Amino acid sequence: MKKGAGRLTLDALFTAAALTIFVIELQIPSIGIPGVKLGLANIVTVTAAFLIGPWDAGAILLCRIVLGGVFSGQIMALWYSLAGGTLCWLIMLPLRRILTEKQIWVMSVLGAAAHNIGQILVALAVTRTAAILYYLPVLMVSGILAGLFTGIAAQFAVLRLRPVMKKHFLR
Amino acid sequence: MIKTKTWVLILGALLLTALLSCLILYTRPAPGTVANIYRDGVPVRSVDLSLVTEPWEFTLSDERGANVIRVEPGRIAVIDADCPDRICVEAGWLSDSASPIVCLPHRLVIRIEKNAAAEGDPVPDTVSR
Amino acid sequence: METVKRFYMYSLRGLLCVLPVLCLLLAGCAREGDVPDPAAPRTATVFAMDTVMDLTVYGGPESLLSDAEELIRTLEEAFSVTDPASEISELNRTGAGDVGDDTAEVLRTALGVCERTGGRLDITVYPVLRAWGFTAGDYRIPTDGELSSLVSRVDWRRVSLEGNHVTLGEGQMVDLGAVAKGYTGDRLLSLFREAGVTSALVNLGGNVQTLGTKPDGSLWRVAVADPLGSGYAGVLETADRAVITSGGYERYFEENGRIYRHILDPETGIPVDNGLISVTVAGERGVLCDGLSTALFVMGEEAAADFWRGSEDFDMILLTDDGRILVSEGLEETFTPAGTWAAAPVTVIRHD
């Protein structure tokens, strides 16, 4: 198999997984505070960042957000996710270099926190109401806790998948 | 490489800060007062009065004239205007959602609308006066 | 550099595949948008009849609120006493003439309230109101001689209405201010009803009128303004009712330490000062509630209670200057005093 095609296949696979998880999570009822959620699709992004590479992870994230926005039908939510996703990915870039395999969960925690900050920034720009900042602490707490959970899941996934990947795909 | 222990400490501190600010923010009386300013029925400006600590002023003007608006913690008023009746200035301070400040000549309305985070008594839908 | 290129390439390819689907779905959304979500309120603010009007409707066709605004403008043009081109201004100048259907209808209803309340509401009090400066804001106290000559001409019985033809008595002028907003509210709600709307709220410069309940089936919470402060005196839970308040606190002036409010006793031509500071009338017809709130305010506490006992078509809330609340039987359960009035003594007026 050609190297480029293999990589593209891998990205597509991860995108599909991320979308599936995202759509399933849509079924979980919201607890009432916008922005507070598990963010299970984050598992895929973090896993991809470590297994394939940060650029691929970014592409997967972008496709997941755009497609997810279309599937959920909430176009407004798309902008929030895009801002959150961009910030999340920007923080992943340097982290990818300094984190060891046992510290993958850290990337997820900081990524989730960055994601929530991005969302708040968009809300601030859209509503021009400083009161939005009132939600920041609760979003940070929920982001850190959810990020910890998805991060640990991602760490398991990376450790289990790495041998398989080495054998069948790249490197 | 940074030790895992260090990461735990950093993230723990972050979580603790967020938790503490949650406690401080949400145990205070809920911020309930956002003043929205409308011109010709269209929102032009919004001020969260519960976040105001220092009084400040601004002027809203268009071809019909100008209204000078003063904001203080928890309340808002039109303190000067060049409209003929100056009813908006006489209306004085507005601090609850009961009755808006209206400047008919300038088509300006200042209304206090409870924000989503407000708790307590359900707010009436409208006021008969 | 190569990784950057790869990133863009992958993203581009991904998005290219997605684009057709996206367009299709967005187009679908746009088509859905033509039918407004019945749960989402649409609002409009209209500056008319010297006040601010807030309209809130749930559902109904796209053009409904602009139709409503057009209706308000049409009625304003007919009723306004300040617009010299209005039908009423024309009538006041010439003393007789034909008026449109709306004006005739409002006049008929207003004269009905005048009769029913024994002239406590009198639409011909306008020249006296003008002498006090309440219409233009140039407040002054008229002399006794001026007052008595003006008051002698105040008598709603000398206004005759046959079909659409109105004739005023000698030197008379009429003002529909006491009923115009109530009538406008009635017309707005029937416009909404005919458009299939089952849930709407209008606040015409303080005159509240509700259509149905809120979309979730709960009652509208209509506050009654606190005549002494900036908050509210209580909250009335209601549906399908007009809730209309009269109080002298809206327009008044102070001279030599006395406060003169804009509601005049038609018999004396002097501002009412009988201990009532706010009268709220709740009923099905806005135009009736509007006229009655003024008349009951003029009557005072006891006469108002007697009048209510002789009627079937409305309920009321009275607030007095010594801090008491009087509520007619029908609102006993649904009116809750609030704010500084929460601890006020409440008397329920009952049928004997």
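No lab work stands behind these numbers, since they all come straight from the coordinates. Here the structure is a predicted model, which is why all the values come from computation and not from measurement. Because the Cβ atoms are built from the backbone with ideal geometry, glycine has one as well, and the counts that use them run over all protein chains shown.
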Förster-model FRET efficiency, 35 Å R0, residue C:252 and residue B:51, C-beta, rounded to 0.05: 0.45
Within 10 Å of each Cβ in A:113-125, the average number of Cβ atoms from other chains: 0
Overall dimensions of chain C as given by Cα atoms, namely Rg and Dmax in Å: 25.4, 98
Per-q log10 I(q)/I(0), the stretch A:3-168, q = 0.12, 0.21 Å⁻¹ (Debye; single scatterer per alpha-carbon; no solvent): -0.50, -1.49
Relative contact order (%) - chain B, alpha-carbon pairs under 8 angstrom, separation at least six: 22 percent
FRET efficiency for residue B:8 and residue A:165, using Cβ-Cβ distance with R0 set to 30 Å, rounded to 0.05: 0.60
Unit charges on C-beta of K, R, D, E only; dipole of the protein assembly as shown, Debye: 6340 debye
Axial C-alpha extent at least 18 Å, average Kyte-Doolittle at least 0.5 - helices from chain A (DSSP): A:3-26, A:54-72, A:75-98, A:104-127, A:136-168
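Stokes-Einstein at 4 °C, 1.567 mPa s, Kirkwood radius from Cα pairs: D for the stretch B:34-113 in µm² s⁻¹? Write down the numbers at each step before the final one.
On the way: Rh = 12.3 Å.
Roughly 105 µm²/s, to the nearest whole number.
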Ranked packing of C:203-216, C:324-337, B:53-66, C:175-188, most packed first, by mean Cβ within 10 Å: C:175-188, C:203-216, C:324-337, B:53-66
Sequence-separation-based contact order of chain C, relative, with Cα cut under 8 Å and 6+ spacing, percent: 14 percent
Relative contact order (%) - the stretch A:17-155, alpha-carbon pairs under 8 angstrom, separation at least six: 30 percent
Chain C: most fluctuating residue of C:66, C:89, C:80 per GNM, C-alpha cutoff 10 Å: C:66
Between 0 and 90°, nearest 10: helix C:286-299 axis offset from chain C longest Cα axis: 40 degrees
Residues A:63, B:22, C:289 arranged by fewest to most Cβ contacts within 10 Å: B:22, A:63, C:289
Within chain C, helix-based [θ] at 222 nm, where runs of 4 or more DSSP H residues each add -39,500 (n - 2.57), nearest 500: -11000 deg cm²/dmol
With Cα atoms, 0 to 90° folded angle of helix B:4-27 axis to chain B main axis: 30 degrees
Computed FRET value (nearest 0.05) for residue A:27 with residue C:194, which takes r as the C-beta separation and R₀ as 45 Å: 0.65
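Roughly speaking, what % of Cα-Cα pairs in the protein assembly as shown are separated by over 44 Å, rounded to a whole number?
Numbers: 82032 of 212226 pairs.
Value for the protein assembly as shown (Cα pairs over 44 Å): 39 percent.
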Normalised per residue, the volume of the convex hull around the Cα set of the stretch C:243-352 (Å³): 114 Å³
